[in-house]
Amino acid sequence: MIEAQSFQIIDGKHIADVIKSEIAAEVALRRKSGKKIPHLAAILVGHDGGSETYVAHKVKSCEQVGFKSTLIRFEEEVTEEELLGKVAALNQDPDIDGFIVQLPLPAHISEQKIIEAIDYRKDVDGFHPVNVGRSSIGLPAFVSATPAGILELLRRYNIQTSGKHCVVIGRSNIVGKPVASLMMQKSYPGDATVTVCHSRTHNLSEIIRQGDIVIAALGRPGFVKADMIKPGAVVIDVGTTRVPCSETKSGYRLKGDVAFDEVAPKCSYITPVPGGVGPMTIVSLLKNTLLAVQNK
Ligand code: GUN
């Protein structure tokens, strides 16, 4: 029999709102003292529903904290050359402090080529190899937004990480790899013993069950079940798969990688979807943009 524990839901929406107020206060101070107002630009290619929603949230969040924002749209058919031209123009534009190219891009465009064309000093997504490399050895850098958001949640909830076994499920460049790297840094949050699991991992359930902290970022809704979780574990759900839903206006809802209802009673802390990691990703982007203008 599994004994139910009392668990705490990590309220990412609330923490994100608190951080947005902190950023807004900083922007107000800058405005008062005549300093430059942070300006974030976003490039969106095509009309993928998920990307449209994410970029709309990013633009809205800029407004909420008093940033300037510019949305640059291209049709699906845009050539790699045209896109590289826009990236070069944004690199040169002194009014743009940071910019992002929303992923995924159409198959005829090399995402890596685009990422590497971004001036790393404006790469507020933290995807450029210079930022990835610097952050992996603990140097100041733009840390990619989702991993930074996860660490901020652990910090704000004062969750102990030193010496803990952190199991990361997923090895993407955007989440799995950077969050694993950050969790092993000699710092807080960090100092964890990290295992990275992926689609080729043997005995996956057994390994996940060893995790004091489990970070699920594999993009398979409801994959992590109660019998994979050690009692008292901290569970961070990064999954945001859109699944059809007749009860919402949009016709879909977001579903995490963790089967929340059965897993939550076994945890000490757990993030919900939506309202967990997602809102934190956006505030990390805002924080990076503020850092970009402060670095100038
Ligand atoms: N696609 C999914 N997540 C992200 C992100 O954090 N940044 C960008 N640019 N694209 C994404």
Residues of region 265-296 satisfying the condition of being in contact with a strand residue (DSSP E or B) (Cβ under 9 Å, 6 or more places away or on another chain), buried (at least 21 other Cβ atoms within 10 Å of the Cβ) and closer than 29 Å to Lys225 by Cβ: Lys266, Cys267, Ile270, Thr271, Val273, Gly276, Val277, Gly278
So, of the residues in region 29-50 that are within 11 Å of the ligand (Cβ to nearest atom) and modelled with pLDDT under 95, which turns out to be farthest from Arg73 (Cα to Cα)? Gly50
Where residues in region 1-55 are among the charged types (D, E, K, R) and outside any helix (DSSP H, G or I), which of them is nearest to Gly98 (Cα to Cα)? Lys36
Residue ID - nearest to the ligand (Cβ to nearest atom), chosen from residues in region 106-119 that are buried (at least 19 other Cβ atoms within 10 Å of the Cβ) and assigned to a loop (DSSP other than H, G, I, E, B): Ile118
Answer with yes or no whether Thr201 is away from the ligand (no atom under 16 Å from the Cβ), polar (S, T, N, Q), modelled with pLDDT of 95 or more and buried (at least 17 other Cβ atoms within 10 Å of the Cβ). no
From the set of residues in region 183-195 that are touching a helix residue (DSSP H, G or I) at 6+ places or on another chain (Cβ under 7 Å) and not in a loop (DSSP other than H, G, I, E, B), which is nearest to Tyr157 (Cα to Cα)? Val194
What pairs come up if the first residue lies in region 33-48 and is buried (at least 23 other Cβ atoms within 10 Å of the Cβ), the second is acidic (Asp, Glu) and at pLDDT 95 or above, and their beta carbons are under 6 Å apart, counting only those six or more places apart or on different chains? Pro38/Asp97
If Ala148 satisfies every condition in (1) part of a helix (DSSP H, G or I); (2) away from the ligand (no atom under 13 Å from the Cβ); (3) not polar (S, T, N, Q) but one, which is the exception? (2)
When the residues of region 79-96 are filtered to those that are in a loop (DSSP other than H, G, I, E, B) and more than 16 Å from the ligand (Cβ to nearest atom), which remaining residue is surrounded by the most Cβ atoms within 10 Å (Cβ to Cβ)? Asp93
Right, Lys58: assigned to a helix (DSSP H, G or I), touching a residue at least 24 places away in the same chain (Cβ under 8 Å) and closer than 30 Å to Val78 by Cα or not? yes
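The values are calculated or read from the model by the stated rules, or taken from the named source; none is laboratory data. The shown structure was predicted, so the numbers you read here are calculated from the model rather than taken from an experiment. Quick reminder, even Gly has a Cβ in these numbers, built from the backbone with ideal geometry, and neighbours come from all protein chains shown.
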